[in-house]
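Peer 1: One structure, as structure tokens, below. Some questions next.
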Amino acid sequence: MDRELKNQRIPEDLFQKERAEVLQQWPTGRDIDFKEAVEYQLSIDKSKRFGEKLAKADKEGITLVQPRAGVALYQEQIELLQYLENEGKADLLPTTIDSYTRLNRYNECQVGIEKSQASGRSMLNGFPAVNYGAKVCRMVTSSLKNPVQVRHGTPDARLLTEIAIAGGFTSFEGGGISYNIPYSKNHTIEQTIKHWQYTDRLVGMYEEAGVSINREPFGPLTGTLIPPCISNAVAVIETLLAAEQGVKDITVGYGQCGNLIQDVAAMRSLAKLTREYLHKYGHDDVRITTVFHQWMGGFPQDESKAFGVISWGSAAAALSKATKVIVKTPHEAYGVPTKEANACGLRATKQVISMLRDQDLREIPLVVMESQIIESEVRCILDRVEVLGKGDLAQGTVAAFEAGVLDVPFAPNRYNAGKVLPARDDDGAIRILEMGNLPFTQELIDFHREKFEERARLENRKVSLQMVIDDVSAIEKGVLVGRPNK
């Protein structure tokens, strides 16, 4: 890939040259015909288009529910999704991609498919869409009543994007930051932004051909004590990068932190800032919806306690008026859930959301105050990214990670500074204990420090790394804030 990294639409000649190389990566890529894929997408009924259903829910103030789900054999994937649709009452459906595909290791993925066929059970932790190709993907997507999205975790998803859209999926998750820093050790930010510019340009080409594909940056990042300002800043950047390539339908997301006021405030500020920055960059024609991810950290092993965690996430999603919520299962602590457990999580979530449909906490004073704090922090980060990039957001993002201005806690990627350490304040809100190189004002730095000093006084201990350690495993132990043993 010899093109220079810029936040500009990829020139047509460079894109087509790169596309010819991408489609040669695996035999199923060679079967892709863009014009035929456009015609197939245009034949999909509006009721099965992801963006259409999200837009309708957003207008009506309804929060839709969506699970995670993916197995190796396509017949079983169809049965699984039909079960979640019929028994779990899922409004939107996923196809979670296996780990070999996420790493572009298609030969090993093929072995996994063959072993699954021989044993009669899934030997992969997801659906191998690239190996199956567009025709099999169409068998999956056409067998369902509701829209289907691809969810994965792939730093280089270029071929997967080609197969998925040609295969009838109408939404595609991920981004050059959110599917690199939390998932990969050795991919550079420059590499993955370029890879995802390809994905977004492809989606933009479909848009120009009359086919709208929903795009969703991955909000939770590492899912471990992520300060809202960091996840929101990443979401805004990935939205702007996608919009520059022609994407017109984007769902920005956030992972539950556990403090209700902060969760609602984070969702409120996320929607507000995304629209604000899209306007600033001249992208007023992009449709924005939101997704709330139920708790992404450790889960209790006890099913009843797990339902408590699921229900609390459902309440936060409903009270923040998220357009959709990604649902966890009561078997979360054990690995891949049964379809029955997955459906149980969906039904529990639906019950809570239905009960809270007419309630909205977004404008209560405490939420507005917390929103203002998050917005100030995000603006500090994004302003510095713009300065570092000298007006180019893509270059600024690379420079920001090098400088630690963007820094995702607990991420494995070696191009992430890893100097920011979060912990909870006495109310359970996530604050920043070690600032690293975050470009905050002194007022914001003092605010965070005061919150930890307050907690330390009440717990009769010093502000220290132990707070971080205690908070990481707190939910598994049945609490939100990791208090010292007495």
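The values are calculated or read from the model by the stated rules, or taken from the named source; none is laboratory data. Just so it is clear, the structure is predicted and the values come from calculations on it, not from any experiment. Here the Cβ is made from the backbone with ideal geometry for all residues, glycine too, and neighbour counts use every protein chain on show. Note: areas computed on protein heavy atoms with side chains; ligands, DNA, RNA excluded. Shrake-Rupley method; radii C 1.70, N 1.55, O 1.52, S 1.80 Å.
Peer 1: Output the residue which, of all residues in segment 66-106 that are in a helix (DSSP H, G or I) and either among the charged types (D, E, K, R) or touching a His at 6+ places or on another chain (Cβ under 8 Å) (or both), is farthest from Leu160 (Cα to Cα).
Peer 2: Of the residues in segment 66-106, the ones in a helix (DSSP H, G or I) are 74-86, 99-102, 106.
Pick out the ones that are also either among the charged types (D, E, K, R) or touching a His at 6+ places or on another chain (Cβ under 8 Å) (or both) and you get 76, 79, 85, 101-102.
Values: Glu76: 20, Glu79: 22, Glu85: 24, Thr101: 8, Arg102: 9 Å.
That would be Glu85.
Peer 1: Return the total of residues in segment 450-486 being touching a helix residue (DSSP H, G or I) at 6+ places or on another chain (Cβ under 7 Å), of a type in the set (Gly, Ala, Ser) and surrounded by 14 or more Cβ atoms within 10 Å (Cβ to Cβ).
Peer 2: Adding up the residues that qualify gives 1.
Peer 1: Take segment 49-60 and flag every residue that is more than 27 Å from Val38 (Cβ to Cβ) and either within 19 Å of the chain's Cα centre (by Cα) or modelled with pLDDT under 95 (or both).
Peer 2: Of everything in segment 49-60, nothing turns out to be more than 27 Å from Val38 (Cβ to Cβ) and either within 19 Å of the chain's Cα centre (by Cα) or modelled with pLDDT under 95 (or both).
Peer 1: Among the residues of segment 449-477, how many are in contact with a strand residue (DSSP E or B) (Cβ under 7 Å, 6 or more places away or on another chain) and under 13 Å from Gly298 (Cβ atoms)?
Peer 2: Going through segment 449-477 one residue at a time, the tally reaches 1.
Peer 1: Take the residues of segment 305-347 that are of a type in the set (Ser, Thr, Tyr) and crowded, with 22+ Cβ neighbours inside 10 Å: which is nearest to Asp98 (Cα to Cα)?
Peer 2: Thr329
Peer 1: Continuing with the same structure: Here is a check on your reading of the model: is Ala243 in contact with a His (Cβ under 6 Å, 6 or more places away or on another chain) and either in a loop (DSSP other than H, G, I, E, B) or open to solvent by less than 10 Å² (accessible area, probe 1.4 Å) (or both)?
Peer 2: Against the criterion (in contact with a His (Cβ under 6 Å, 6 or more places away or on another chain) and either in a loop (DSSP other than H, G, I, E, B) or open to solvent by less than 10 Å² (accessible area, probe 1.4 Å) (or both)), Ala243 qualifies.
Peer 1: Additional query: Can you tell me which of His279, His283, His293 is open to solvent by less than 10 Å² (accessible area, probe 1.4 Å) and either in contact (Cβ under 8 Å) with a residue 60 or more places away in the chain or more than 16 Å from Pro220 (Cβ to Cβ) (or both)? Let's see the steps before the verdict.
Peer 2: Values: His279 fails: open to solvent by less than 10 Å² (accessible area, probe 1.4 Å); His283 fails: open to solvent by less than 10 Å² (accessible area, probe 1.4 Å).
Checking each option against the conditions leaves just His293.
Peer 1: Test each condition in (1) in contact (Cβ under 8 Å) with a residue 24 or more places away in the chain; (2) surrounded by fewer than 20 Cβ atoms within 10 Å (Cβ to Cβ); (3) more than 30 Å from Arg9 (Cα to Cα) for Asp302 and report the one that comes out false.
Peer 2: So the condition that Asp302 fails would be (1).
Peer 1: Out of all the residues in segment 30-65, which are in a helix (DSSP H, G or I) and in contact with an Asp or Glu (Cβ under 6 Å, 6 or more places away or on another chain)?
Peer 2: Lys46, Gly51
Peer 1: Pick from Phe401, Phe410: which is among the aromatic types (Phe, Trp, Tyr) and more than 20 Å from Leu241 (Cα to Cα)?
Peer 2: Just a single option satisfies the conditions, and that option is Phe410.
Peer 1: Moving on to the next point. When the residues of segment 120-135 are filtered to those that are surrounded by fewer than 24 Cβ atoms within 10 Å (Cβ to Cβ) and either part of a loop (DSSP other than H, G, I, E, B) or modelled with pLDDT under 95 (or both), which remaining residue is farthest from the chain's Cα centre (by Cα)?
Peer 2: Here the answer is Gly120.
Peer 1: Here's another thing I want to ask about it. Out of segment 15-29, which residues are open to solvent by less than 50 Å² (accessible area, probe 1.4 Å) and outside any helix (DSSP H, G or I)? Full working, then the answer.
Peer 2: Pass one, segment 15-29, residues open to solvent by less than 50 Å² (accessible area, probe 1.4 Å): 15, 18-19, 22-23, 26, 28-29.
Matches in segment 15-29: Leu23, Trp26.
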